[in-house]
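This report concerns only the one structure given below.
The values are calculated or read from the model by the stated rules, or taken from the named source; none is laboratory data. Owing to the predicted nature of the structure, the values given are computational and were not obtained by experimental measurement. Here the Cβ positions follow ideal geometry from the backbone for every residue, glycine too, while neighbour counts run over all protein chains shown.
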Amino acid sequence: MDGGTLGPMRTAILLWAMCTATGCAYPHRTTLMNPAPPSAQPETQPDNVWSIRFVDAQLPEFKGGGLPWDSDGTLPDPFVRLLINGQVIWESPVQHDTLHPVWNVTLPRNIYVPSGANFRIELWDDDAASNDPAGAIVRSGLPETARPDAVAHLSLGNTATVTIVVGAPHPFKGLGVTYEQRSAALVLQAVEPFSPAARAGLKVGDSVVAIGQSRVSQLSAAKASSELSLSADRGATLKVVDESGKEREVTLDRDFLWLLM
C-alpha cells in the first residue's frame, strides 16, 4: 500500500476515533412531552410564563414618507416577529397583499417574560429585495395592556398596530430532557427549565444510570427510552452520576411541564 493511500485511511480512522471518543456516534433523543388533558389542569402556574396568541395587525395605507409599500403599487405582504432579549422566538407566516393581516395563531409553546426581559414585536413587509419595517414595540416585560385573557391592541410607534392575547400558560406532561443514549447511561444534553427534571436538580452532563430499580445497562435502548419518558408521570427515582463522577438519587415530582419557545 503506497503512502498516498495510507494517509487518507489514517485520517479516516483518526476522525472515527475522535467522533467515538466525544460521543457524536450516540443517538440523541427527547423524552415524550404531551399536552396535559383538560381533566388534569393545574391549580397554580409558574410566574412570568404565558401563552400568547397573535390575532392580527393593521398597517397604514402608505409606508414612511407617503410612499407606496411596493414599487408596483400593490399592498404590503406583512409578517410579524416576536423577540425576547434579542432572540427571535417566533415569526408568523406572510400574509400577501393586505393592510389587515390575520393570523389568529397561538404559539405552540409558552413564553417566559420576567419583568426585566426585553419584549419586542416587529411588523415587516416581506419584499424580494429587502424587507421593509412597518413598526415595532419594545417593552421591559409584557406591555401594560397585555393583561391575562384581554385583547391588547399594541401601537407600533406609528399608525400600525398588532393585536395579541396573553393568557395562562399551557401545561404539558413529561420529564423534559434531551439525552444521549449510551449502553449504560442516558447522558443529559438539555433540560427544560420549568420541568420535573429541572425541579429535581438534573443538569446538562448528568448521566442517568438507573430508573427505579432498573439499571440502564440491563435495558434495551427502546426500553430505556420508554422508562425515562414515563419516569415523571410515575414519580420515579433516578440514580444519577454527575460529571465529577459523584452518584446521587433524585425523586421526580408528578407536576406539570411548562414548555417554552
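For Asp253, indicate whether it is touching a Pro at 6+ places or on another chain (Cβ under 8 Å) and among the acidic types (Asp, Glu). Spelling it out, Asp253 is indeed touching a Pro at 6+ places or on another chain (Cβ under 8 Å) and among the acidic types (Asp, Glu). What's the number of the condition Ser71 fails, among (1) part of a loop (DSSP other than H, G, I, E, B); (2) closer than 15 Å to Ala136 by Cβ? It is condition (2) that Ser71 fails.
A quick yes/no check of all residues on (1) touching a residue at least 60 places away in the same chain (Cβ under 8 Å); (2) under 25 Å from Pro143 (Cα atoms):
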| position | (1), (2) |
| --- | --- |
| Gln41 | yes, no |
| Pro78 | no, yes |
| His100 | no, yes |
| Glu122 | no, yes |
| Ser130 | no, no |
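Somewhere in the stretch 58-65, is a residue farther than 30 Å from Pro171 by Cβ and assigned to a strand (DSSP E or B)? Looking for residues that are farther than 30 Å from Pro171 by Cβ and assigned to a strand (DSSP E or B), one finds at least one in the stretch 58-65, hence yes.
When restricted to residues that are polar (S, T, N, Q), in a strand (DSSP E or B) and under 17 Å from Arg53 (Cβ atoms), the stretch 75-112 contains 3. On inspection, Ser51 qualifies as in a strand (DSSP E or B) and hydroxyl-bearing (Ser, Thr, Tyr).
Among the strands (runs of 3 or more DSSP E) confined to the stretch 127-241, the ones with at least 2 residues that are buried (at least 19 other Cβ atoms within 10 Å of the Cβ) are located at 132-140, 161-167, 177-181, 186-191, 207-211, 237-241.
Among the residues of the stretch 110-139, write down those that are of a type in the set (Ser, Thr, Tyr) and touching a strand residue (DSSP E or B) at 6+ places or on another chain (Cβ under 6 Å).
Result: Tyr112, single match.
Checking Asn104, Asn110, Asn85 one by one, the residue that is under 21 Å from His170 (Cα atoms), surrounded by fewer than 19 Cβ atoms within 10 Å (Cβ to Cβ) and polar (S, T, N, Q) is Asn104 and no other. Among the residues of the stretch 24-44, is any modelled with pLDDT of 95 or more, assigned to a loop (DSSP other than H, G, I, E, B) and loosely packed, with under 10 Cβ neighbours inside 10 Å? Scanning the stretch 24-44 turns up no residue that is modelled with pLDDT of 95 or more, assigned to a loop (DSSP other than H, G, I, E, B) and loosely packed, with under 10 Cβ neighbours inside 10 Å. Before we move on, is Asp132 at pLDDT below 95 and more than 30 Å from Ala36 (Cβ to Cβ)? Answer is yes for this residue.
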